[in-house]
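Trainee: Next up is a structure, given as structure tokens.
The values are calculated or read from the model by the stated rules, or taken from the named source; none is laboratory data. This structure is a prediction, so every number in the text was calculated from the model and none was measured. Because the Cβ atoms are built from the backbone with ideal geometry, glycine has one as well, and the counts that use them run over all protein chains shown. Ligands, DNA and RNA are excluded from the accessible area calculation, which covers all protein heavy atoms including side chains. Shrake-Rupley method; radii C 1.70, N 1.55, O 1.52, S 1.80 Å.
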Amino acid sequence: QRGIEGRIEPCELGWHEGWLILPVKSEADEIHGIIIRSGPQAEKLTGIRFSQPQGQRAMVYCPDWSLTLRDPGPLYIVFGMIDALTLSELRLPVLTTTGGAASFDPKWLERFRKPIFVIPDKEEEPQAYSLLTNLDWRGRIKVLKYPNGFKDPNDYLRNGKRDDLLRELVGA
């Protein structure tokens, strides 16, 4: 339903009783954390949107380290696991955090010497500007022109507007 079915096998996503299971991997492809994200029914029943093991720190989540490290184009920063999977589905280098927008550590970006674009959800530009303050000159905010009823990058895929999202992000 989310338009990220192409990421199931490469990202080793799982599904259990209404919860999406997302392994958090290192650059060496080793699992070093896990996030569970509720599906619509699980969220309705529990009121929980996502969870992680107790004591697990906020970590960088990258759906495709190989692409992110080798692609010479811009690096995209989003604030959510599903949005990261969305950009990965488009084969764009992307990072997010496992602990919510405020937990993104700018040190995670020190190795990257390419343009960085922060993509906020609709009406969440203040969080993007807050992160940008810590990135100095290295990042820019790219606000998408969300159509009515859209609130984040994944809504484009959910609504069959993949090409529109790609055009907004890279002008393709």
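Trainee: Given H placed on each backbone N at 1.01 Å, which residues far from D152 in sequence or on other chains put an amide H within less than 5 Å of it?
Mentor: For D152, whose amide H was placed from the backbone, the distant partners under 5 Å are K122.
Trainee: List the residues whose amide H sits under 5 Å from the amide H of I35, counting only those 5 or more places along or on another chain, with H placed 1.01 Å from N in the peptide plane.
Mentor: L22, V24
Trainee: Quick check on the chain: helices-only [θ] at 222 nm, where DSSP H runs of length 4 and up contribute -39,500 (n - 2.57) each and the sum goes over total residues. Nearest 500, please.
Mentor: It lands at -7500 deg cm²/dmol.
Trainee: Please report, largest first and rounded to whole Å, the three semi-axes of the ellipsoid equivalent to segment 108-168, where each semi-axis is the square root of five times an eigenvalue of the C-alpha gyration tensor. Each step should come with its number before you reach the end.
Mentor: Details: eigenvalues 119, 37, 13 Å².
Computed over segment 108-168, the values are 24, 14, 8 Å.
Trainee: Could you name the aspartates and glutamates whose alpha carbon sits less than 16 Å from that of K145, not counting residues in the same chain fewer than 8 places away?
Mentor: Once the sequence-local aspartates and glutamates are set aside, what remains near K145 is D83, D121, E123, E124, E125, D155, D163, D164, E168.
Trainee: Something else: Distance check, please: which entries in K114/K142; K107/K161; K114/K151; K25/K161 exceed 24 angstrom between their Cα atoms?
Mentor: K107/K161; K114/K151; K25/K161
Trainee: Same structure again: Considering only the other residues whose Cβ falls under 15 Å of the Cβ of R162, what net charge follows from Lys and Arg at +1 and Asp and Glu at -1?
Mentor: -2
Trainee: Next question. For L13, what charge total do you get from the other residues with a beta carbon under 10 Å from its beta carbon, if Lys and Arg give +1 and Asp and Glu give -1?
Mentor: That sum, taken over residues with Cβ under 10 Å, equals -1.
Trainee: Using Cα-Cα distances under 8 Å and only pairs 6 or more residues apart, what relative contact order does segment 21-151 have, in percent?
Mentor: Relative contact order comes out at 18 percent.
Trainee: Using +1 at the Cβ of each Lys and Arg and -1 at the Cβ of each Asp and Glu in segment 2-57, identify which of G47, I34, L22 lies farthest towards the dipole's positive end.
Mentor: So the residue furthest toward the plus end is G47.
Trainee: For the chain, give the magnitude of the charge dipole about the Cα centre (Cβ charges: +1 Lys/Arg, -1 Asp/Glu; no others), in debye to the nearest 20. Show your work: numbers first, answer last.
Mentor: Working: 23 positive and 24 negative charges, 67 e Å.
Dipole size: approximately 320 debye.
Trainee: Under a plain spin-label model, where a point goes 7 Å from the Cα along Cα-to-Cβ, how far apart in nm are V170 and R111?
Mentor: Here the modelled spin labels are 2.1 nm apart.
Trainee: Send over a whole-number figure in Å² for the accessible area per residue of segment 105-172, probe 1.4 Å.
Mentor: For segment 105-172, the per-residue accessible area is 61 Å².
Trainee: Using only alpha carbon pairs under 8 Å that are at least six residues apart, calculate the relative contact order of segment 1-77 and give it in whole percent.
Mentor: Dividing the mean separation by the residue count of segment 1-77 yields 21 percent.
Trainee: Per 10 Å bin from zero, what fraction in whole % of the C-alpha pairs of the chain is there, up to the bin with the longest pair?
Mentor: All Cα pairs considered, the percentages come to 10, 40, 40, 11, 0.
Trainee: Post the alpha-carbon centroid distance, segment 1-29 to segment 80-136, in whole angstrom.
Mentor: 19
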